[in-house]
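Engineer: One structure, as structure tokens, below. Some questions next.
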Amino acid sequence: MKRLIPILAFLAIVGFITQAEAAPTDTCGMSVTVLVTASVSVTDEPLAFQTVSAGTSDVSDSGCTVTNDGSALSYYKLKITDKPATWSVKEDAGTTVWNQFRLLALFTSTASPGSGVFDTADDMVKQTAETTASSTAYAITLVGA
């Protein structure tokens, strides 16, 4: 019996002290769900101008309010999509002629900016192509562009 006690003690110690082994690499599956809401609201659409006399300019006092009310970054593009059938769109800085108009636009937080802040090179809305708003296109400053 005395010989059995050291053997049992040895087996108990060896039984408790064991080495765990694992492979050097393994794979793990992962799933990610991104929740993005794309939503933009526009007030006062379409923007309606009152009568504008020939050879003059007019700046809308009310404008439209464009609000990104979603959680995604938004890029805004402008394009003329409708006009009177007998009118044409002037898409360069030249002089307008009979039944022709040029539309300039700005994204800004400045209320009623006035006609002097528009730039024909950067703020012209075209019918033939969309132009994406940027820090120069349709912008007075980086505010709102």
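Engineer: Could you work out the percent of alpha carbon pairs in segment 26-145 separated by over 22 Å, rounded to a whole number?
Structural biologist: Numbers: 3055 of 7140 pairs.
When every Cα pair of segment 26-145 is considered, 43 percent fall beyond 22 Å.
Engineer: Any chance you could run the full-extension gain for Thr120 through Lys79? It's 0.36 nm times the residue separation minus the Cα-Cα distance, nm to one decimal. Please list the in-between numbers first.
Structural biologist: Values: separation 41, 0.36 × 41 = 14.76 nm, distance 1.49 nm.
Fully extending the segment from Thr120 to Lys79 adds 13.3 nm.
Engineer: Pull up all non-local amide H partners of Ala139: gap of 5 or more, or a different chain, and H-to-H distance under 5 Å with H placed in the peptide plane.
Structural biologist: Phe107
Engineer: Turning to a different aspect of this structure: Kindly provide the trypsin sites (Lys or Arg not before Pro) of segment 27-90 that DSSP labels as loop, not H, G, I, E or B, and whose Cβ sees at most 16 other Cβ atoms within 10 Å.
Structural biologist: Working: sites: Lys77, Lys79, Lys90; in loops: Lys79, Lys90.
The qualifying sites are Lys79.
Each reported figure results from applying straightforward, stated rules to the coordinates on display, with no laboratory input. Just so it is clear, the model here is predicted, and its values are computed rather than measured. Cβ sites come from the backbone with ideal geometry, for glycine too, and all protein chains shown count toward neighbours.
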